1. Which helices (runs of 4 or more DSSP H) does segment 104-185 wholly contain that include 2 or more residues that are closer than 23 Å to residue 57 by Cα and modelled with pLDDT of 90 or more?
2. Counting only residues that are of a type in the set (Lys, Arg) and under 50 Å from the mean Cα position of the chain (by Cα), which one in segment 51-93 is nearest to residue 22 (Cα to Cα)?
3. Checking the conditions here, which among 41, 124, 46 is surrounded by 19 or more Cβ atoms within 10 Å (Cβ to Cβ) and under 30 Å from residue 143 (Cβ atoms)?
4. When you scan segment 78-92, do you find a residue that is surrounded by fewer than 20 Cβ atoms within 10 Å (Cβ to Cβ), under 16 Å from residue 108 (Cα atoms) and without any contact (Cβ under 8 Å) to a residue 24 or more places away in the chain, even just one?
5. Could you figure out which of (1) surrounded by fewer than 17 Cβ atoms within 10 Å (Cβ to Cβ); (2) at negative phi isn't true of residue 242?
6. Could you say which residue among 407, 345, 413, 375 is of a type outside the set (A, V, I, L, M, F, W, C), touching a His at 6+ places or on another chain (Cβ under 6 Å) and modelled with pLDDT of 85 or more?
7. Being in a strand (DSSP E or B) and without any contact (Cβ under 8 Å) to a residue 60 or more places away in the chain is the filter here, so list the residues in segment 251-304 that pass it.
Amino acid sequence: MEISLSALIGIFLLSLLGSAFFSASETGMMATNRYRLRHLASQGHAGAKRVLRLLEHPDRMIGVILLGNNFVNTLASSVATIIAIKLGGEASVAIAALITTLALLIFGEVTPKMVAALLPERIAFPVSRLVLPLLTLLYPLVWIINLIGVSLLKLFGVSLPQNNHNNHQLNMDELRTLVHEAEGIIQLNHREMLLGILDLEKKTVEDIMIPRSDILGLNLDEPLATITNQITHAQHSRLLLFQNTIENVIGIIHLRKLLSYFQHNDLDKEILKQEASKELYFIPEGTSLYTQLLNFQRQKRRIGLVVNEYGDIQGLVTLEDILEEIVGEFTTSPDAFNRYVHPQTDSTYLVDASITIRDLNKALHWHLPTDGARTLNGLILNYLETIPQTGTSFRISNYPMEIIHVTNNAVKTVRVFPDKK
């Protein structure tokens, strides 16, 4: 049956439209945000549910789209050839092929894919109404085509994963990057809290513990007057109670329990022993902050003593210390800062080298490396690989430093100059 020229032109234009539809469908659905789709689907969005159903088996979805796309492209080429023969004979077939290629490229591929990439949801939701029933209708043919394709890949030693679900799961580093890039969507302080939670797994109790040398406690070998004075001026609600050395720890005293004894002048060393909590809680060094936070919650604890593999006490960690890694400092402590860092009139700082690097970085917004030694003294000794002499100058991470005082084979005081980049 002879088909009129106008009908052939109509079929050609419909083929171009079909090519644009399938091209936009593929790009739109593959460019949609999976996590937003899941959110919308949980809110009952019908379009998101349809797209998620299609994306559960992307090989099938792509199969039906490519099947339809190749069909309409082939149809457009065939119809264009017939039109060319009708209008100019066989000599015009080459010109028709060039025109068809350009038309399919511009109107059937590039333009619809660009639009779909810019507006994936606005394209994916409506086209899924047609793609889903097409997949149901043509599934046997799509299954056969996919089977042939997989068989060919196996001949070349290429195996396809059975489950595509994990390809769209974020690992921790990718999640950190996502939070970092959420500027304008998530407030700065909220982003810092989220990053603090994610970083709990990377940090250990050693990174935030109060070092053994800085632990404030009550020594029962001291005179009672000295102990009473320490309790009176204590800045903490709980203090460690020990005999002679911290290794002989007896327990933890909650100072609130001692108020009645103070009122009646009944406080003595025996009462201190009685009131000290005997159930000490020990934490192995190397425990991640995330794990320890859960352990504190399970054990209903607030304080733990960090011990090494030999059982020696290395430091003390509190629940507050871990929470501050998430939400930031609860309170400012200028006295503690002034004890370690002393600004000078020439813009330098005299720093007690026993300060932890993390605290120094936080206080002065510096960027000294924290992946090795914990204290400034340890960082310097690791860098120089020897115990330096007074007056030794060097540079660590663009920070010029000068040794001011060395005692007991350790750096005591360091002068740090401003960052010299």
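The values are calculated or read from the model by the stated rules, or taken from the named source; none is laboratory data. Keep in mind that what you see is a predicted model, and the values were worked out from it rather than measured. Glycine gets a Cβ as well: all are built from the backbone with ideal geometry, and neighbour counts include every protein chain shown.
1. 111-118, 120-155
2. By that ranking, first place goes to 60.
3. 124
4. Checked segment 78-92: at least one residue is surrounded by fewer than 20 Cβ atoms within 10 Å (Cβ to Cβ), under 16 Å from residue 108 (Cα atoms) and without any contact (Cβ under 8 Å) to a residue 24 or more places away in the chain.
5. Of (1) surrounded by fewer than 17 Cβ atoms within 10 Å (Cβ to Cβ); (2) at negative phi, only one is false for residue 242: (1).
6. 413
7. 251, 252, 253, 254, 277, 282, 284
Every residue, every condition in (1) of a type in the set (Phe, Trp, Tyr); (2) crowded, with 16+ Cβ neighbours inside 10 Å; (3) in contact with a Gly (Cβ under 7 Å, 6 or more places away or on another chain), yes or no:
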site: 254; (1), (2), (3): no, no, no
site: 259; (1), (2), (3): no, no, no
site: 287; (1), (2), (3): no, yes, no
site: 296; (1), (2), (3): yes, yes, no
